[in-house]
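Below is one structure, written out as structure tokens; the observations come after it.
The values are calculated or read from the model by the stated rules, or taken from the named source; none is laboratory data. Being a predicted model, the structure only gives us computed values, none of them experimental. Here the Cβ is made from the backbone with ideal geometry for all residues, glycine too, and neighbour counts use every protein chain on show.
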Amino acid sequence: ETVDTAPRYYQTFHPDTHAVRAELEQGLCAPNAWVPPKFLYDPLGSCLFGAITQLPEYYPTRTEQAIMARYADEIAQRVGGVGALIDLGAGDCVKAERLFGRLCPRQYVPVDISTEYLRGAVARLHAGYPGLDIVALGQDFSHTLSLPEDVLDDGRLFFYPGSSIGNWSPEQALGMLRQVREACGERGGSLLIGVDRVKDERTLVRAYDDALQVTAAFNRNLLLHLNRVLRADFALADWRHLACFDAARSRVEMHLQANAPVTVNWPGHSREFSAGETIHTECSYKYEPTDFAALLDAAGFNDIAHWTDAQGWFSVFHARA
Ligand code: AVI
């Protein structure tokens, strides 16, 4: 008999706060304007990201999925018994759901900043797995990762797929990995993480500038999100999507570029942009496996395992705390 366990929600991220507006204002008013990539994820942004993962040009999701499927036995064997499966940036929870069959977690802990979207995803998941203990966290873990007390502390498995770690600079990534290592606890915690690899520029740029222009919509939707959060007056027609690869820094960048001189206003502020000026909205770092293994090591992880695909496009790592 299956006991129906209602999911528990803990929401610590609220977009409509002074701190969030201050963070945005600081970036927008900087000489080289920027917005943290987490603002790409409002309800529509999370849907658009889901669509990106289906695009022919966006290879990371399907390549990672193929690696996980091919090495599913090995991965499950290494991971062993899972208490809490903690899914960082869970989105639609679909990637984690694929692990349920083999890893049989006793508890599922999805964490996402897109809180409304997360609630919908969790409601769907609960309907399919009424007996699964779900603790959902609407959290901005870019500041601090904090787990409530009802998250099981033995056999924690942190799951950070999709190369989301690449949306941090290597220095920030190290800080994030250290936090995760600490949160693994002393009772057999580990990390399963997906990382995109360095490859030819054409393949990389096309993945971030697809022919259907879904990525452009995903990037430009950030302006609609800012209009709501800041009560700003960005006009979509004034801004175009830009993606480029900085080989020296090993990162793809997304920008929003002003088509013409434009002034953007929000209560208490205005910011002038010249024609061609950009707002930097995302970095997506690409790693050589040895460099990423070194980062895991520097964060205090050990017993590191690595799997990749035949083309060497994407890496999956498992490491113990
Ligand atoms: C979520 N993150 C890993 C994606 C990436 O590839 O950096 C977000 C994304 N941006 C544009 N396309 C997808």
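Here are the numbers:
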quantity	calculated
Odd one out for Tyr108 among (1) in contact with a Cys (Cβ under 9 Å, 6 or more places away or on another chain); (2) surrounded by fewer than 21 Cβ atoms within 10 Å (Cβ to Cβ)	(2)
Residues that are of a type in the set (Phe, Trp, Tyr) and either on the phi > 0 side of the Ramachandran plot or not in a loop (DSSP other than H, G, I, E, B) (or both), drawn from the range 1-44	Tyr9, Tyr10, Trp34, Phe39
Top-ranked residue in the range 240-264 [being without any contact (Cβ under 8 Å) to a residue 24 or more places away in the chain and either outside any loop (DSSP other than H, G, I, E, B) or crowded, with 17+ Cβ neighbours inside 10 Å (or both); ranked as farthest from the ligand (Cβ to nearest atom)]	Thr263
Within the range 276-321, considering residues that are crowded, with 20+ Cβ neighbours inside 10 Å and polar (S, T, N, Q), the one farthest from Asp73 (Cα to Cα)	Thr281
Residue check, Asp140 surrounded by 14 or more Cβ atoms within 10 Å (Cβ to Cβ), in a loop (DSSP other than H, G, I, E, B) and touching a residue at least 40 places away in the same chain (Cβ under 8 Å)	yes
Ala211 at pLDDT 95 or above, surrounded by 20 or more Cβ atoms within 10 Å (Cβ to Cβ) and of a type in the set (Gly, Ala, Ser)	no
Qualifying residue in the range 142-165 (condition: over 21 Å from Thr61 (Cβ atoms), in contact with a Phe, Trp or Tyr (Cβ under 9 Å, 6 or more places away or on another chain), within 16 Å of the ligand (Cβ to nearest atom) and modelled with pLDDT under 95)	yes
Residue within the range 207-219 that is touching a residue at least 60 places away in the same chain (Cβ under 8 Å), more than 16 Å from the ligand (Cβ to nearest atom), under 28 Å from Val94 (Cα atoms) and not in a loop (DSSP other than H, G, I, E, B) present	no
Selection from the range 264-305 of residues that are β-branched (Val, Ile, Thr) and over 19 Å from the mean Cα position of the chain (by Cα)	Val264, Thr278, Ile279, Thr290, Ile304
Contacts under 7 angstrom Cβ, first residue in the range 156-168 being closer than 13 Å to Leu99 by Cβ and part of a loop (DSSP other than H, G, I, E, B), partner near the ligand (Cβ under 10 Å from one of its atoms) and of a type in the set (Gly, Ala, Ser), 6 or more apart	Pro161/Gly194
Qualifying residues in the range 80-99 (those that are part of a helix (DSSP H, G or I) and surrounded by 21 or more Cβ atoms within 10 Å (Cβ to Cβ)) - the one farthest from the ligand (Cβ to nearest atom)	Leu99
Qualifying positions in the range 46-64 - more than 11 Å from the ligand (Cβ to nearest atom) and either β-branched (Val, Ile, Thr) or touching a residue at least 12 places away in the same chain (Cβ under 8 Å) (or both)	Cys47, Pro56, Thr63
For Arg102: the one exception among (1) of a type in the set (D, E, K, R); (2) assigned to a helix (DSSP H, G or I); (3) within 16 Å of the ligand (Cβ to nearest atom)	(3)
